[in-house]
Amino acid sequence: MKKQALAVLGIISALVVAGCGSGGGMATGTSTVSGVVADGYLRGAEVFMDVNGNYQWDAGEPKTVTVQGGAYKLGVAPGLVGKYPVVARAIAGQTVDEDRPASPIANSYVLCSPATNTAFISPMSTLIQQKLAGNPGMTMPDAMAQLRNQLNLPVGVDMLGNYVSGAQSGPNAASYRSMYQVATQMAELMAQQAPQVISGAGVDPGRYQAMMGQMNLYMPQIVQNATSGLPITSPAMNTFCNQMTTLLQNTASGTVFGNYSSMFRNYTGHSSFWVNNGGTWRPGGMMGMR
């Protein structure tokens with residue numbers, strides 16, 4: 001904790017020297033980190049550079065709020081660009097999912113991105129970031145290939161791409177539509193588990209990673225459920241949700257991040273997640289049978 005505090009103090013000093021205040025607005029001498037936040041596009045979400053890795057905003061960390069189309073723009077000290085994840089917090093009663101614009105979301109949830117890929121922050125970028133954080137031996141190409149195979153998608157689909165716009169047209173539109181469906185259910189699962197993970201403005205890092213780890217292990221089933229048009233209240237997903245709630249309740253509050261490689265195993269082959277049964281791809285293989 002002492003090292004973390006010293007690191008944060010150093011970053012705050014760098015931000016002050018660069019002319020970026022605690023609110024994280026644009027200022028002279030800063031670089032720009034910009035992108036889009038989505039389940040569907042999220043307007044009114046809090047976005048910040050997570051310098052100390054606790055998945056909640058702390059004074060001195062650059063911060064902003066998304067606007068129409070989920071767009072955000074952060075002013076940061078030049079030396080911070082590409083070094084730290086960007087986190088987006090969808091806030092109950094404030095953030096609007098533009099897929100359902102009639103009212104703000106009912107439950108908060110947290111999304112994030114790898115430090116070097118912050119252009120599109122979504123449930124997909126969140127899982128990729130968590131793969132890298134949970135298994136120190138995993139590389140970005142491995143994480144991308146693994147997620148693509150977990151979703152049963154063809155080579156060439158950008159797992160960090162904007163699936164909202166990509167679903168509209170183009171050669172990979174069908175793949176992006178599948179990503180969109182799965183991402184929506186992932187966000188619903190995160191929101192459902194919010195009481196176990198989020199308290200006020202705080203996030204329990206260990207429980208957050210355990211939540212994402214369970215989703216990682218169960219991803220083929222989530223994909224099958226979402227792409228079949230079933231809700232997260234389907235019998236299979238109810239069972240999974242209850243299991244995840246129990247796991248998180250039994251994860252000690254305040255647990256710090258660790259090596260979660262058992263939840264984020266480095267399998268990248270398609271057969272690790274899916275089997276062909278009677279001409280139909282079904283969850284199976286080493287990680288698919290849960």
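Side notes on the structure shown:
- Computed extension gain for Ala236 through Ala59, at 0.36 nm per residue and net of the alpha carbon distance, reaches 59.5 nm.
- The chain - mean residue ellipticity at 222 nm from DSSP helices (-39,500 (n - 2.57) per run, n ≥ 4, rounded to 500): -11500 deg cm²/dmol
- Rounded to 10°, Cα long-axis angle of helix 140-150 versus longest principal axis of the chain: 40
- Take every DSSP beta bridge whose two residues both sit in the chain; close to 95 percent of them are antiparallel.
- Inverse mean reciprocal Cα-Cα distance (Kirkwood Rh) of segment 141-193, Å: 11.5
- Treating each Cα of the chain as one equal point scatterer and applying the Debye formula with no solvent, the log10 of I(q)/I(0) at q = 0.07, 0.09, 0.12 Å⁻¹ comes out as -0.25, -0.41, -0.74.
- Remark: segment 108-250 is approximated by an ellipsoid whose semi-axes, taken from the C-alpha gyration tensor as √(5λ), come to 23, 18, 14 Å, largest first.
- Segment 64-71 - phi-based ³J(HN,Hα) in whole Hz, Karplus 6.51/-1.76/1.60, Gly and Pro as x: 8, 10, 5, 10, 3, x, x, 6
- In order along segment 117-128, the Karplus-derived 3J(HN,Hα) couplings, from 6.51 cos²θ - 1.76 cosθ + 1.60 at θ = phi - 60°, round to 9, 10, 6, 9, 9, 7, x, 5, 5, 4, 5, 5 Hz, and Gly and Pro are given as x.
Values in this text are rule-based calculations from the coordinates and carry no lab data. Remember, predicted model here, so these are calculated numbers, not experimental data.
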